[in-house]
Amino acid sequence: MDIIYSMKSKFTLGEFKRFVWSMMFKNKSTVIKLALFEVALLAIGLVIDNKIFIGFAVLYPFALWFVQNRQIKKIYNSNTLMKDAEVEYTFYEPCFSSNDPSGKSRVDYEKLHKVVETKTNMYLMISENQGFMLKKSEMPSGLEAFLRKKAEMVNAKNKKA
């Protein structure tokens, strides 16, 4: 197999936070549910004229953000093997491989669960909440387009299933 692209990426707390938040809000129904919950809390507080209830409704998003970031940091710090580790990715036509302190892995594109793209990253997901984090700013020229083509194949295959 010929190497098409290769890149290195660092597994940092910032990247891990970006990944977790992206996965949390990738599903629009999650965002809608949270928004409806907020509106319902606020409406109930206004109807019963309860300032504590209204205060809770206003503070809830901030509390959620604080608790979630604290949990993300705790998980990141508990993974001493991967904390601040450099991950080397190698891309071939049928698959890609990663090499990090926990070992080497090889994944066929067709076996991916899905590919999620954000403004700054691409996530090659092997399950609903586990994937490989690739920063677009660290990608060599052409890799982003190559992965988009693979993403079309993967996401189309998974929609049929």
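The values are calculated or read from the model by the stated rules, or taken from the named source; none is laboratory data. Since the structure is predicted, the reported quantities are computational estimates derived from the model, not experimental observations. Every residue, glycine among them, receives a Cβ derived from its backbone with ideal geometry; neighbour counts consider all protein chains shown. For the accessible areas, the whole protein counts, side chains as well, though only heavy atoms, and no ligand, DNA or RNA atoms are used. Shrake-Rupley method; radii C 1.70, N 1.55, O 1.52, S 1.80 Å.
Computed values, structure above
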item: Within the stretch 78-89, tally of residues that are among the β-branched types (Val, Ile, Thr) and open to solvent by 40 Å² or more (accessible area, probe 1.4 Å); result: 1
item: Count of the stretch 111-126 residues which are surrounded by fewer than 16 Cβ atoms within 10 Å (Cβ to Cβ) and in contact (Cβ under 8 Å) with a residue 40 or more places away in the chain; result: 2
item: Test result for Ser102, touching a residue at least 12 places away in the same chain (Cβ under 8 Å) and open to solvent by less than 70 Å² (accessible area, probe 1.4 Å); result: no
item: Matching helices (runs of 4 or more DSSP H) fully within the stretch 1-95 where at least 3 residues are in contact (Cβ under 8 Å) with a residue 40 or more places away in the chain and under 17 Å from the mean Cα position of the chain (by Cα); result: 13-25, 51-78
item: Single unsatisfied condition, Ile32 versus (1) modelled with pLDDT under 90; (2) open to solvent by less than 50 Å² (accessible area, probe 1.4 Å); (3) under 23 Å from Glu117 (Cβ atoms); result: (2)
item: Conditions (1) open to solvent by 30 Å² or more (accessible area, probe 1.4 Å); (2) more than 29 Å from Glu38 (Cβ to Cβ); (3) of a type in the set (A, V, I, L, M, F, W, C); number of the one not met by Ile54; result: (2)
item: Subset tally (residues that are open to solvent by 40 Å² or more (accessible area, probe 1.4 Å), touching a Ser or Thr at 6+ places or on another chain (Cβ under 7 Å) and either aromatic (Phe, Trp, Tyr) or under 22 Å from Phe146 (Cα atoms) (or both)) for the stretch 4-25; result: 1
item: First in the stretch 127-152 and in a helix (DSSP H, G or I), second anywhere and open to solvent by less than 80 Å² (accessible area, probe 1.4 Å) and of a type in the set (Gly, Ala, Ser), Cβ under 8 Å, 6 or more apart; result: Glu138/Ser9
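Let's see how each residue does on (1) open to solvent by less than 40 Å² (accessible area, probe 1.4 Å); (2) farther than 15 Å from Ser6 by Cα:
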| position | (1), (2) |
| --- | --- |
| Val58 | no, yes |
| Ala63 | no, yes |
| Phe91 | yes, no |
| Ser97 | yes, no |
| Tyr109 | yes, yes |
| Leu147 | yes, no |
| Ala156 | no, yes |
